[in-house]
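Below: the structure, in structure tokens.
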Amino acid sequence: MTNSKPNTGLIGAAVFIVSESMFFIGLFLAYFFLRGDTTIQIPSDQPVHPSLALPLINTLILAVSVGAMAYAERGIAANKQRNLVIGVTVAAVLGLVFMLVQTVEFSRFISVGFSPSSSAFGSTFFALLIFHVLRVFAGVLFMVIVLVRALMGQFTQQRRAAVQACTLYWCFIAAVWVVVFLVLYTS
Amino acid sequence: MASVSIPVAKPGLLSEIAGWLTTVDHKKIGVMYLVSTFFFFLLSGIFALIIRLQLMAPGMKIVDQNVYNELFTMHGTGMIFLFIIPMLVGLGNYIIPLQIGARDMAFPRINALSFWLLIFAGIVMEGGFLIGGTASSAAWTAYVPLSTKQFSPQSGMDIWLFGVVLLGISSTLGAVNFLVTIYTMRAPGMTMWRIPIFTWTMIVTAGMVLLATPVLTAALIMLITDRNFSTQFFTTSNPRLWQHMFWFYSHPAVYIMVLPAMGILSEVIPVFSRKPLFGFKVMVLSSILIGVLGFTTWVHHMFVSGVDPLVERFFMFTTMVIAVPTGVKMFSWIATMWKGSVSLKTPLLMCIGFISTFVIGGITGVIQGAIPIDMQVHNTYWVVAHFHYVLFGGSVFGIFAGLYFYLPKITGRMLDDKLGKWHFALMFIGFNLTFFPMHILGLEGMPRRIATYAADRGWDIPNLIATIGAFTIAFSVLIFMINFAIYILGRKGEVAGNDPWEGATLEWATTSPPAVYNFARTPVVESDRPMIELRAKAAGAKSDSKTSGGSH
């Protein structure tokens, strides 16, 4: 394959991300539909505006992680294998840290009686968080695959579509997080 | 050239089966799609026949009313999710790489995954009949609270939901595959306006699948967790949430089911009228417009659900607007046939069946799009009549047009045209006998989804006619199967040759059936009807032979 033709795998990943975003749009619509419905009372003991500390830390973690992934992608574009390995490793570890922080956040919510089964509001609130963190997990798995293939020396300046697709997906996950964060915690 | 039968060491039956089970060839996958979805068509059709027997006369006791609910649920979901949508995907799977001059789909292994997910989803959905003996009985809409644990406690409901999730994954992957294939793998010279019209409709369809399906998947997962993990998405909240999420997918699904069939018509009618398609670009644009507008009409299913009247009026307007691009297609097909050298072979007859019945379904759609009329006919047999005119009169006639048109390419043998005409005539008569009386039943107030009715309602004669019609359809499908068994499986049919219909697109440039690699040499496209040039070149090459080809 010459460089002039776009890589089918990369285009496939981009098209797939479109459908992924529709999944979240569906969840957001459900969330706003329930929030906008005045006949549904959000129980007073539930945190409509929960603490911002952990999600802010997590936003920072994801931002650095996206930076690391971009560093890896730039690295292999300049044929620097070492930068690729370092970047992907850092990005994946930060992804795991994000998941850990989310787990802490979930257990804090549940300890005050706010859970997916406490109300329709709780269900949609957690649905957005849980479906997002599942995507983070998928992204980390993708990175592990990229890392293993990188260590086997399978990527070059010309052959790096999987790295690009992984970077694209990771950026998408981070972008979804920003929206999730803004909607659930600040709106 | 006829099929070359060199007696190579014949592969054993086991390795033959293993070859089919592990294939990633788009043609073999396409054939498996066609065969398995036809099986689901027969199964769902048998459910329909049982339904019609039960409703043949007042007070019938063929089946229990709970079983009746399962039957119409599985009839509807089987026909929609396991027959119409995947049958058209199967035709696309076989034809589109050929039509664009490609070697295969962009992601052959994902293609196989899509197919096998469909099969497992089908088994899972129908599996409710086996596990615990109770399939889903909450209708294809699965409205909450009817579909919650409280009112549908059977595990058949859970696995039905799970099956539809699997189908969603299958068709989303398929949509990605189609879009990337068509974007990256077209033959050299196939510019945007040279993409064949069937491929164009599949682009729009795949786009709709890509955007609509994830929302349904989200809703299904939410319902599954409500039923099993005590979440509260639908149980304590407004029941309209499910309806919005369901119809956000399921109204576009109507166009997902009918657009590829419209694409088939737009291929078949020009070939059998010996004329180019009238207004090709307008046909492409109207398909795109249908695809876009298809996302703006879903609330017309909810006019009695208590939506804000202003919102209702907006959706009434969009519902009527979407009839415009559909009407454009109608006129284009008629204009294509107009003053053409029309050859009334079975594929064209099926197209004429589509046009004449779909137009009725389209018009009743506009009629019931008006809010006050909708409130009268909602949940009556009028609606059943309407959507069967769209989905049977439209999609199924289109599917059979596609099968009669493309089976010679797929199998290398022609079907018998006389039996085909009997199939068409009986199916057309049977279809109208079955579904036209349902308009009257609906206006007389017969509700959908009832297992029986009292004798004094005056509903018995239209119901009897509908039952007779349903069995006429079944008989016509039997004729198709006999035709297929004798002339294709029995190899009694004429050898099709590369180009039996003198088609205009690249799938007719290769052998029937095509070799594994599709084209020995990648074709170069120089116009929107590449076969015309290829035939002219072939005729020029042997100019000493007679020049009368019958085409112009």
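The values are calculated or read from the model by the stated rules, or taken from the named source; none is laboratory data. Keep in mind the model is a prediction, meaning the values are calculated, not measured. Cβ coordinates were reconstructed from backbone atoms using ideal geometry, including for glycine residues, and neighbour counts include every protein chain displayed. Each accessible area value is taken on the protein alone, full model and side chains, heavy atoms only, with ligands, DNA and RNA left out. Shrake-Rupley method; radii C 1.70, N 1.55, O 1.52, S 1.80 Å.
Tabulated values for the structure
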read-out	value
Options B:271, B:282, B:292: the member that is surrounded by 18 or more Cβ atoms within 10 Å (Cβ to Cβ) and modelled with pLDDT of 95 or more	B:271
Criterion (out of contact with any Phe, Trp or Tyr (no Cβ under 7 Å at 6 or more places or on another chain) and more than 9 Å from chain A (Cβ to nearest Cβ)) met by exactly one of B:247, B:200, B:242	B:200
Residue count for the stretch B:53-66, restricted to those that are open to solvent by 50 Å² or more (accessible area, probe 1.4 Å), assigned to a helix (DSSP H, G or I) and either among the charged types (D, E, K, R) or modelled with pLDDT of 95 or more (or both)	1
Residues being under 22 Å from the mean Cα position of the chain (by Cα) and open to solvent by less than 10 Å² (accessible area, probe 1.4 Å) - total across the stretch B:113-138	6
Residue in the stretch B:503-513 that is surrounded by fewer than 17 Cβ atoms within 10 Å (Cβ to Cβ) and out of contact with any Phe, Trp or Tyr (no Cβ under 6 Å at 6 or more places or on another chain) present	no
Among the candidates B:96, B:50, residue that is open to solvent by 20 Å² or more (accessible area, probe 1.4 Å) and part of a helix (DSSP H, G or I)	B:50
Every residue from the stretch A:1-31 that is modelled with pLDDT under 90 and surrounded by 12 or more Cβ atoms within 10 Å (Cβ to Cβ)	A:6, A:7
Candidates B:159, B:110 - the one that is under 25 Å from residue B:258 (Cα atoms), open to solvent by 10 Å² or more (accessible area, probe 1.4 Å) and of a type in the set (Val, Ile, Thr)	B:110
Residue tally, condition touching a residue at least 40 places away in the same chain (Cβ under 8 Å) and away from chain A (no Cβ under 14 Å), over the stretch B:128-149	13
Meets criteria (touching a helix residue (DSSP H, G or I) at 6+ places or on another chain (Cβ under 8 Å), more than 13 Å from every other protein chain (Cβ to nearest Cβ), open to solvent by 10 Å² or more (accessible area, probe 1.4 Å) and not hydroxyl-bearing (Ser, Thr, Tyr)) for residue B:254	yes
Filter pass, residue B:172 being open to solvent by less than 20 Å² (accessible area, probe 1.4 Å), more than 8 Å from chain A (Cβ to nearest Cβ) and at pLDDT 95 or above	no
Subset of the stretch B:179-193 (residues that are open to solvent by 10 Å² or more (accessible area, probe 1.4 Å), within 11 Å of chain A (Cβ to nearest Cβ) and assigned to a helix (DSSP H, G or I))	B:179, B:183, B:184
Boolean, residue B:470 is among the small types (Gly, Ala, Ser), part of a helix (DSSP H, G or I) and within 19 Å of residue B:357 (Cα to Cα)	yes
Members of the stretch A:112-121 that are of a type in the set (Gly, Ala, Ser), surrounded by fewer than 19 Cβ atoms within 10 Å (Cβ to Cβ) and touching a residue at least 12 places away in the same chain (Cβ under 8 Å)	A:113
Hits in the stretch A:118-145 - residues which are farther than 18 Å from residue B:219 by Cβ and within 11 Å of another protein chain (Cβ to nearest Cβ)	A:118, A:119
Every residue from the stretch B:24-39 that is within 16 Å of the chain's Cα centre (by Cα) and crowded, with 24+ Cβ neighbours inside 10 Å	B:30, B:33, B:37
Scope the stretch A:146-165; condition under 18 Å from the mean Cα position of the chain (by Cα) and within 14 Å of another protein chain (Cβ to nearest Cβ); matching residues	A:162, A:165
Residues (open to solvent by 30 Å² or more (accessible area, probe 1.4 Å) and free of Cβ contacts under 8 Å to residues at least 24 places away in the same chain) located in the stretch B:226-251	B:229, B:230, B:232, B:236
Sole residue being within 22 Å of residue B:251 (Cβ to Cβ) and open to solvent by 40 Å² or more (accessible area, probe 1.4 Å), chosen from B:146, B:223, B:167	B:146
Scope the stretch B:340-399; condition in contact with a Gly (Cβ under 8 Å, 6 or more places away or on another chain), among the β-branched types (Val, Ile, Thr) and open to solvent by 50 Å² or more (accessible area, probe 1.4 Å); matching residues	B:360
Criterion (over 30 Å from residue B:25 (Cα atoms) and touching a Leu at 6+ places or on another chain (Cβ under 8 Å)) met by exactly one of B:175, B:142, B:121, B:135	B:142
Check on residue B:258, β-branched (Val, Ile, Thr) and either assigned to a helix (DSSP H, G or I) or modelled with pLDDT of 95 or more (or both)	yes
Restricting the stretch A:126-160 to residues that are in contact (Cβ under 8 Å) with a residue 12 or more places away in the chain and of a type in the set (Lys, Arg), the residue that is surrounded by the fewest Cβ atoms within 10 Å (Cβ to Cβ)	A:149
Residue under evaluation residue B:116, criteria (1) out of contact with any Gly (no Cβ under 9 Å at 6 or more places or on another chain); (2) touching a residue at least 12 places away in the same chain (Cβ under 8 Å); (3) not charged (D, E, K, R), criterion not met	(2)
Among the residues listed as B:220, B:277, B:285, the single one being away from chain A (no Cβ under 12 Å) and either touching a Phe, Trp or Tyr at 6+ places or on another chain (Cβ under 7 Å) or not in a loop (DSSP other than H, G, I, E, B) (or both)	B:285
Options A:185, A:169: the member that is part of a helix (DSSP H, G or I), among the hydroxyl-bearing types (Ser, Thr, Tyr) and more than 14 Å from chain B (Cβ to nearest Cβ)	A:185
Candidates B:72, B:81 - the one that is of a type outside the set (Ser, Thr, Tyr), in a helix (DSSP H, G or I), at pLDDT 95 or above and surrounded by fewer than 24 Cβ atoms within 10 Å (Cβ to Cβ)	B:72
Counted residues, the stretch B:433-448 - those being in a helix (DSSP H, G or I) and open to solvent by 40 Å² or more (accessible area, probe 1.4 Å)	4
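Okay, residues lined up against (1) among the hydrophobic types (A, V, I, L, M, F, W, C); (2) at pLDDT 95 or above; (3) open to solvent by 10 Å² or more (accessible area, probe 1.4 Å):
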| position | (1), (2), (3) |
| --- | --- |
| A:96 | yes, yes, yes |
| A:102 | no, yes, no |
| A:110 | yes, no, yes |
| A:124 | no, no, no |
